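Remarks on the structure that follows.
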Amino acid sequence: MVKKTMVIAVLLIAWLVMPSARLLAVSEKTVVLGNVVGSGVTTLARGLLQGRVHSFKDAVKCLGYGMASGYGFYQAKKQVAAGRTFSGILLANLSASVIDNVTSGEGPLSYLGFTLPLVRLEVATPFAKRPRALVSFTVSPRDAISLALAISKADRASLRGGMLSFEADEPLAENVRGWAHGIFPTVVAGKPESVFRHEMVHVVQSLQLMAASPEPFLKSYRRDEGKMKLLDFGGVRAQVLGLANDLTLAKLQTYDKYWREAEAYSLVVSQ
Ligand SMILES: [Zn+2]
């Protein structure tokens, strides 16, 4: 119990330190460091909470692969910020997969996942040991809520760079040019392309928060007995960090200190 309380304390401190950079003053170095340290610490915390850290070696594995994934998320954000939407999303999904794997006691590349609207598919690679299924899928209430919110505030949907994207005729508030609910970007009609790229940075952040969240309700990747299934349901992702972020953080912090905005503004050159 004490261990878990400590882990939660570390998580909260990591979260609170990140918004300390001011919106316009944030440098690229700060963004890299925030991603590497943020994903490293949260991956270690997730591994501990999921009972997968039993030794110093396990801790180093979670911290090291978490940091590498954090750098992957940073590169993914750079790509979507430059308009390379699909390759950025692939890299973000790969980074999330590595974190899912090492915090489940698997090798870093044992399973590769991709988040679609409403389900995340995970495919066993040749590195997987005794996989339960070749393809398993998870669902998350957060994704369903995000999709419902995105649809409720949008007027049109389209595929943009491989992403289900939305367009709205009316902004949510004055001077608002776009928004993202989870993995669903929305741009106000007639706004420049840079707005879409900005919202795509938020989509990658959403996948990063998914990977950071401890998941107590997911089945193990491994099977105890029998044959491997072709397709299996892997369980429900709680995505507590993503939900907490959606519901509270955005309101608790002043807009110009909010790390998600600081990062998106520093990566996307506005038009
Ligand atoms: Zn934004």
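Among the residues of the range 137-193, what is the count of those that are assigned to a strand (DSSP E or B) and either more than 16 Å from the ligand (Cβ to nearest atom) or under 22 Å from the mean Cα position of the chain (by Cα) (or both)?
First, pick out the residues of the range 137-193 that are assigned to a strand (DSSP E or B): 137-139, 156-160, 163-168, 178-181, 184-188.
Adding the requirement that they be either more than 16 Å from the ligand (Cβ to nearest atom) or under 22 Å from the mean Cα position of the chain (by Cα) (or both) leaves 137-139, 156-160, 163-167, 178-181, 184-187.
Within the range 137-193, residues that are assigned to a strand (DSSP E or B) and either more than 16 Å from the ligand (Cβ to nearest atom) or under 22 Å from the mean Cα position of the chain (by Cα) (or both) number 21.
The single condition among (1) farther than 24 Å from VAL80 by Cβ; (2) without any contact (Cβ under 8 Å) to a residue 40 or more places away in the chain; (3) among the small types (Gly, Ala, Ser); (4) buried (at least 17 other Cβ atoms within 10 Å of the Cβ) that SER152 does not satisfy is (4). Within the range 20-41, does at least one residue satisfy the condition of being modelled with pLDDT under 70, surrounded by fewer than 20 Cβ atoms within 10 Å (Cβ to Cβ) and assigned to a helix (DSSP H, G or I)? For the range 20-41, residues modelled with pLDDT under 70, surrounded by fewer than 20 Cβ atoms within 10 Å (Cβ to Cβ) and assigned to a helix (DSSP H, G or I): present.
Report whether or not ARG46 is modelled with pLDDT of 95 or more and surrounded by 24 or more Cβ atoms within 10 Å (Cβ to Cβ). When the stated conditions are applied, ARG46 passes them.
Scan the range 85-105 and tell me whether some residue there is over 27 Å from MET163 (Cα atoms), modelled with pLDDT of 90 or more and surrounded by fewer than 24 Cβ atoms within 10 Å (Cβ to Cβ). For the range 85-105, residues over 27 Å from MET163 (Cα atoms), modelled with pLDDT of 90 or more and surrounded by fewer than 24 Cβ atoms within 10 Å (Cβ to Cβ): present.
Considering the range 256-271, the residues that are at pLDDT below 80, more than 9 Å from the ligand (Cβ to nearest atom) and not small (Gly, Ala, Ser) include one that is surrounded by the fewest Cβ atoms within 10 Å (Cβ to Cβ), namely GLN271. Residues in the range 194-218 that are at pLDDT 95 or above, out of contact with any helix residue (DSSP H, G or I) (no Cβ under 7 Å at 6 or more places or on another chain) and more than 12 Å from the ligand (Cβ to nearest atom): GLU215, LEU218.
Can you find even one residue in the range 100-114 that is under 26 Å from THR186 (Cβ atoms) and outside any loop (DSSP other than H, G, I, E, B)? The answer is yes; a qualifying residue exists.
Scanning the range 121-146 for residues being in contact with an Asp or Glu (Cβ under 8 Å, 6 or more places away or on another chain) and of a type in the set (D, E, K, R) gives a total of 4.
Which residue out of GLU167, GLU193, GLU174, GLU225 is among the acidic types (Asp, Glu) and within 23 Å of ALA92 (Cα to Cα)?
Values: GLU167 fails: within 23 Å of ALA92 (Cα to Cα); GLU174 fails: within 23 Å of ALA92 (Cα to Cα); GLU225 fails: within 23 Å of ALA92 (Cα to Cα).
Answer to the selection: GLU193.
Scanning the range 199-228 for residues that are surrounded by fewer than 16 Cβ atoms within 10 Å (Cβ to Cβ) and small (Gly, Ala, Ser) gives SER220, GLY226.
Out of the residues in the range 165-196 that are under 21 Å from ALA82 (Cβ atoms) and among the aliphatic types (A, V, I, L, M), which is surrounded by the most Cβ atoms within 10 Å (Cβ to Cβ)? Going through the qualifying residues, I end up with ILE183.
The values are calculated or read from the model by the stated rules, or taken from the named source; none is laboratory data. This is a predicted model, so every value here is computed, not measured. We place every Cβ from the backbone using ideal geometry, glycine too, and count neighbours over all the protein chains shown.
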